[in-house]
1. So which strands (runs of 3 or more DSSP E) stay within segment 372-485 end to end and still have 1 or more residues that are surrounded by fewer than 14 Cβ atoms within 10 Å (Cβ to Cβ) and touching a residue at least 60 places away in the same chain (Cβ under 8 Å)?
2. Of all residues in segment 319-343, which are modelled with pLDDT of 75 or more, more than 18 Å from the chain's Cα centre (by Cα) and open to solvent by less than 30 Å² (accessible area, probe 1.4 Å)?
3. Which number in (1) open to solvent by 40 Å² or more (accessible area, probe 1.4 Å); (2) free of Cβ contacts under 8 Å to residues at least 60 places away in the same chain; (3) assigned to a loop (DSSP other than H, G, I, E, B) marks the one condition that residue 301 misses?
4. Just one of 263, 316 is more than 22 Å from residue 191 (Cα to Cα), open to solvent by less than 50 Å² (accessible area, probe 1.4 Å), in contact (Cβ under 8 Å) with a residue 12 or more places away in the chain and among the small types (Gly, Ala, Ser); which is it?
5. Whether any residue in segment 4-20 is closer than 22 Å to residue 184 by Cβ, assigned by the TED database to the domain that holds residue 229, at pLDDT 95 or above and not in a loop (DSSP other than H, G, I, E, B) is what I want to check.
6. Just the residues that are of a type in the set (A, V, I, L, M, F, W, C), at pLDDT 85 or above and either assigned to a loop (DSSP other than H, G, I, E, B) or outside the structural domain of residue 381 (by the TED database) (or both), please, taken from segment 238-279.
7. Say whether the condition of being more than 34 Å from the chain's Cα centre (by Cα) and surrounded by fewer than 13 Cβ atoms within 10 Å (Cβ to Cβ) is met by at least one residue in segment 344-364.
8. Test residue 174 against the criterion of being open to solvent by less than 10 Å² (accessible area, probe 1.4 Å), free of Cβ contacts under 8 Å to residues at least 60 places away in the same chain and within 26 Å of residue 323 (Cα to Cα), and give yes or no.
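The values are calculated or read from the model by the stated rules, or taken from the named source; none is laboratory data. These figures come from a predicted structure and were not determined experimentally. All Cβ positions, even for glycine, are placed from backbone atoms using ideal geometry, and neighbour counts span all protein chains on display. All accessible areas refer to the heavy atoms of the entire protein, side chains included, with ligands and DNA or RNA removed. Shrake-Rupley method; radii C 1.70, N 1.55, O 1.52, S 1.80 Å.
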Amino acid sequence: MRRWYAAGDARLWCVTGAVAVGSSGVLGLLARRGSWYADDLDFLIVGARGFGVEDLLTPVNDHLAPGLRATYALFAWAAPLNYDFTVVLRGLLWAAAVMLMAALLQRLYGRGGLTVVGTVFYALSPLSMPSFMSLSSAVNNLPAHVLGLVFLHCTLDWRERGRNPSLVAAACSLLASMLFWEKSALIVLSGAALLLSRDSTSDERKVHRWWRWAAACTVAGAAFAILYVSRGGPSPSDPPSFARATMLWAESLWHTLAPVVAGGPLTWAAKFPPSFGLASPPWVVSAAGTIVAAGLVGVCVLRDRRALWWWAALVGYSVATVAVVGYGRFATFGSVFTRHLHYWSDASVPLTLAVVASLALVPPARFPVVRRATCTGLALAWLLAVGASNLHFGQLWATNPAKDYTRNLTSSLRDRGAVNLWDTLVPDRILPLSDNRSVPAVARLISRDVEVQDPSSDPLLVRDDGAITASRLQVWGRSTNGADCRYLLKGTGSVTVPLDQPVPSGYWYFRIGYLANPDTTVDVTAVGDSGKVALVSGSPTWPAGLGTAYLRAARTGDIRYVVVSTREPRTNLCIGDITVGVPEPAP
């Protein structure tokens, strides 16, 4: 790796290092304006299970990302629900990616000024900025940036020296990158462009090396594919038609890739969740970016057509992204993915390489003063556009409601110490589209002294703002059974208790009084017209004596009866009053 930085002098690395640290600092400050976003809490809950193989290989939607699972397990173990810790880690990864890009540009072109320009373009590109903000997106994309650039360096080592360790390192970095984000395999297009733009196909030895490199990439891809298929592979989907996919590809170029060349998007559309903006550049920014990109392509055509391979890699990347993401996401989210930069962050690598390859071919100007003034003006305009883009995105990102929610929850847990909580759900505005929305699971990321609906005390309620308060059940149905023990369960079997009125479909909670001798392990089920719904409690064992059990429904459903059953022959259990309702703050 030391060889990668041998091409430049100390001054160059000081400048690019300042760019790396500065861009990481700016992105870090911007990230701290928001908080946990969408999938983050879900992934932290799963990460709290640990580093077991099955946990790491748990699919993420249609993805298999053991690298992401391992990173969240690290967060849950080292600094649970510590957002600043994740910002620091993201900053270090981004700084490493920027320095790797600077080293690659210097190795390819050996021109310090061009290296600095390309490094700034890559480090400040609005294409990568949103994925730094969202932690789940950053854990996907930032390792993909770092490992993808390592892959390109190893590919360049292979081209220059032809040594097998470089080839093995390239394959290993490619495979490692795919373990975080399988779409990062598209970096092979940039690797191929690197070889094709610098080698002549008339040299048989170089062609032989090229095919050995391709074989190594194929082995890495096949290894991941085998692992992916062994864990179930992609779920059936309804992908867009060819005509629609073509339109989506055009939208992606217009709304996502073209504006970046001009420093955009300057504006973002507030969609659900509104704190994460989708690219919504003014048409003039997209048009300006398109014109500049066309001009750069024209330079390649006129000066050295081998540089067109870099643009071909970018086009191939965009086509493959639309095909892959369209297959998995179009049926659910429509064309949103063409503007959602989570799916386009790693495109900043091939885009930067294509832009710099074109700039390297620009001939010297006859009027250097005019050229210098023009370049300075364009650079300032690009930087101002980037600043405006970041500012507008930051305004949306600061509205992230998770920040206040987790701050209130953390403060309440520290004030109260050990708590017993209702197993309620995190609000949709904070954790949408997730199967892991249990409030106690989030609370246990902060404190280990959290019980869930334990019979030892009345559960407390976490309000929608994250604060913990005393609670009561808002009653929707009940069964008043009195003290004569009409519903007695002796030995194995079950008892069915009707409610005084049917309870409509909903996500219900239960309070069941009982008298038991001895401790009894039970199964409780709610029965209605929609079928049976299992009830979940903190512990299936009800302690001996006079007590109260607290449960919740495992899913939504209507209720007419509650069935209590046991398989223990020594059971002697009297069912008391049953209340069905929804927890609410006590007056």
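1. Answer list for segment 372-485: 471-479.
2. Result: 320, 322.
3. Of everything listed in (1) open to solvent by 40 Å² or more (accessible area, probe 1.4 Å); (2) free of Cβ contacts under 8 Å to residues at least 60 places away in the same chain; (3) assigned to a loop (DSSP other than H, G, I, E, B), residue 301 misses just condition (3).
4. Only one candidate passes the filter, namely 263.
5. Yes, there is a match, as at least one residue in segment 4-20 is closer than 22 Å to residue 184 by Cβ, assigned by the TED database to the domain that holds residue 229, at pLDDT 95 or above and not in a loop (DSSP other than H, G, I, E, B).
6. 262
7. Looking for residues that are more than 34 Å from the chain's Cα centre (by Cα) and surrounded by fewer than 13 Cβ atoms within 10 Å (Cβ to Cβ), one finds at least one in segment 344-364, hence yes.
8. Yes.
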